[in-house]
1. Go through (1) basic (Lys, Arg); (2) outside any loop (DSSP other than H, G, I, E, B); (3) not assigned by TED's automatic domain parsing to the domain that holds Gly445 one by one and return the number of the condition Lys342 breaks.
2. If you take the residues in segment 171-201 that are farther than 30 Å from Asp218 by Cα and of a type outside the set (A, V, I, L, M), which one is modelled with the highest pLDDT?
3. Return the residues of segment 301-339 that are over 22 Å from Arg448 (Cα atoms) and assigned to a loop (DSSP other than H, G, I, E, B); say none if nothing qualifies.
4. Out of (1) assigned by TED's automatic domain parsing to the domain that holds Pro361; (2) surrounded by fewer than 14 Cβ atoms within 10 Å (Cβ to Cβ); (3) not hydroxyl-bearing (Ser, Thr, Tyr), what's the single condition that is false for Gly313?
5. Using beta carbons and a limit of 6 Å, which pairs, at least six apart or on different chains, have the first residue in segment 98-115 and in contact (Cβ under 8 Å) with a residue 60 or more places away in the chain and the second one surrounded by 10 or more Cβ atoms within 10 Å (Cβ to Cβ)?
6. Would you check if Gly354 is at positive phi and in contact with a Cys (Cβ under 9 Å, 6 or more places away or on another chain)?
7. Could you list, in sequence order, the residues of segment 150-170 that are over 60 Å from the mean Cα position of the chain (by Cα), surrounded by fewer than 11 Cβ atoms within 10 Å (Cβ to Cβ) and modelled with pLDDT of 80 or more?
8. Would you be able to tell me the number of residues in segment 415-437 that are at pLDDT below 95 and of a type in the set (A, V, I, L, M)?
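The values are calculated or read from the model by the stated rules, or taken from the named source; none is laboratory data. All figures in this text were calculated on a predicted structure; none of them were measured in a lab. Cβ sites come from the backbone with ideal geometry, for glycine too, and all protein chains shown count toward neighbours.
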Amino acid sequence: MSECEEKPSSASERLRKEYRRHVQTQISHDLVDTIATLEQHQDHLLQLCDQLTLAKKQVTDSASETKATINKVFESFIAAVSEAVDTRRKKLLDEVQQVEEEALGPLEQCGCVLDSRVKETAERVEQGKRLQKHGGVLAKDTVIRFQEEAAAMTSLPEVPALCAVPSVSVDFPSDPSMIEEMQDLIDQAGRVSRMGPVQITNIVEQPGALLVSWEEVDEDVSDDGLEFCFECSNSGANDHHTAVFYTKYVGPDYSFLLRDLKAGESYLLRVASRREGSSTFGPWSLVQSAVTNIPHFRWKKGHSSGWSIADDGRLASKKTSDLEVLHSDGPLLKSGSSVLFKVVSGGVGCSDEGLGLCCQPVTGPEQLLLPGTLFLSAQGCVFLDGISRVTRLPAIQDKSQVSFAVEKVSSTKLRVYIESQEKQVTYEWGVPNAHDGLHFVATFGEPRWKISVH
C-alpha cells in the first residue's frame, strides 16, 4: 500500500518541478524580452536626447549668429552715419570758412585804407594845431598850402553797407526733423524671423542628381513676385559655417534639379528668397545635407565601334561616318526622372539622325521608327511608336540641349515631356511595363557629333 502511495507522490513532485522549471523559464524569457524592450526604449530616449541637444544647439547657435550679425550691421550703421555726419559737418564748416574769407578780404583792405586815412588825418590835425599856435608869425602862403592839402583829404573811402556784406547762416529742415527721419529709417532696419521665410521641403534622389523643392513657410509673406536663390556646397565640409556655397539657380521656380553629382557624396543645400525689385536676398533656409546613391546616366561602352566614350561614361563622340545607334548603359531612365542631352559639338543632322527613348535596345537606326520607341529627329520631327506627330521642335544642332522627362500615369502608360530650346511637347505613351525603365539612345553619322548626357 505504501509503494502505491509513493509512486503518485513522486509523479506529482516531478510535475511540480517541471512546472516550476517552465515557470522559471517563462519568467526568464519574459525578463529578457522586457529588458530588450527597455533597452530599445532607452535607445529611443537617448536618440531624443541627441535630437533635443541638436535642437538647443540650433537655437543657441542661430541666436548667437543673429546677434553677431545685428551688432555688426548696426556698428557699420554707426560708423557710416558718423562718417557721413563728420563729412557733412566739415563740408558745411568749409563753406562757412570760404564765405567768411571771401567777405573779409575786401573789408580788411578797406580797413587798411581807413586806418591809413585816419592816421593821415590825425597828423594833419596836429599840423594845423601847431600852425594855430604860431598864428601871429605864419606866412600867408604856408596857411594857404595847409588849407589846400586839408581840402584834398575831405573825400571819404567807400565802406559797404551791412546789407551788402554776408551774414552767414545755415538752414536745417525741421518739418519733419532730420532726426525723426533717421529714427524712422533705423526703426525699419532689420526683421527678426524665428526661421528663414523659405525652407527646403523635399529632396528626391535622381540618377547623379537631386530634385530639390522648397516653399514659403512665413505666413506673413506673399508668394507673389518672389525670386529664389538656391546654393550648393560640395567642399566636403560638414559645418555650413565653413562650407563654400555656389549659386546653382536664381529664379521664380520652387524646385531645381541639381545635376552632375557624384553618387554617395554628401552635399549641403540652402535657399533664400527676395521680393521683386529687391537687390538682396533674405535669410537662408536651414542647411540640408543630402546624397544621391543612384549613379549618373552614362552611355554603354563597347556597344558600338562608331562611338568613343569618355568623362566617366557621360560623353559620347562619333568616330566614324557609319550611322550607328548608341544606347544607355541599361534601362536607366525611370519614371519620375529626366535625362538631358547636351550637344557639345555637331552640325546639321538628317531625318534619320537624332535622340530618343526605347523600351528595348534596338539594332539599327531603322528600328527607332517602330513601336516601343520615341524618337526626336535632328530636324525636329517627333515619332511616337513610329508615327510622326504634328508638332515640330527646333532642329538639333551644335550647342543644342534636349531633355526627356518621364512620369508614370499607370502600369502601362507614361507621360513624356520633350523640351528643346525652350519649346516643349507632351505625349501619353503606352509601354508594356512602365516601371521597368527606358533606354535612351543617340544616332548620328558624321564624326563631328559629341553628345553629353546628364
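1. (3)
2. In the first step, residues of segment 171-201 are kept if they are farther than 30 Å from Asp218 by Cα; the result is 171-180.
With the extra rule that they be of a type outside the set (A, V, I, L, M), the set shrinks to 171-177, 180.
Details: Asp171: 87, Phe172: 81, Pro173: 76, Ser174: 72, Asp175: 69, Pro176: 70, Ser177: 76, Glu180: 82.
Step by step, filter segment 171-201, then rank; the result is Asp171.
3. Of everything in segment 301-339, those that are over 22 Å from Arg448 (Cα atoms) and assigned to a loop (DSSP other than H, G, I, E, B) turn out to be Asp329, Gly330, Pro331, Leu332, Lys334, Ser335, Gly336.
4. Answer for Gly313: the failing condition is (2).
5. Listed by first residue and then by second, the contacts come to Val99/Pro166; Val99/Val168; Ala103/Val165; Ala103/Pro166.
6. Numbers: at positive phi: yes; in contact with a Cys (Cβ under 9 Å, 6 or more places away or on another chain): yes.
In short, yes.
7. Glu158, Ala161, Leu162, Cys163, Ala164
8. Of the residues in that region, 2 qualify.
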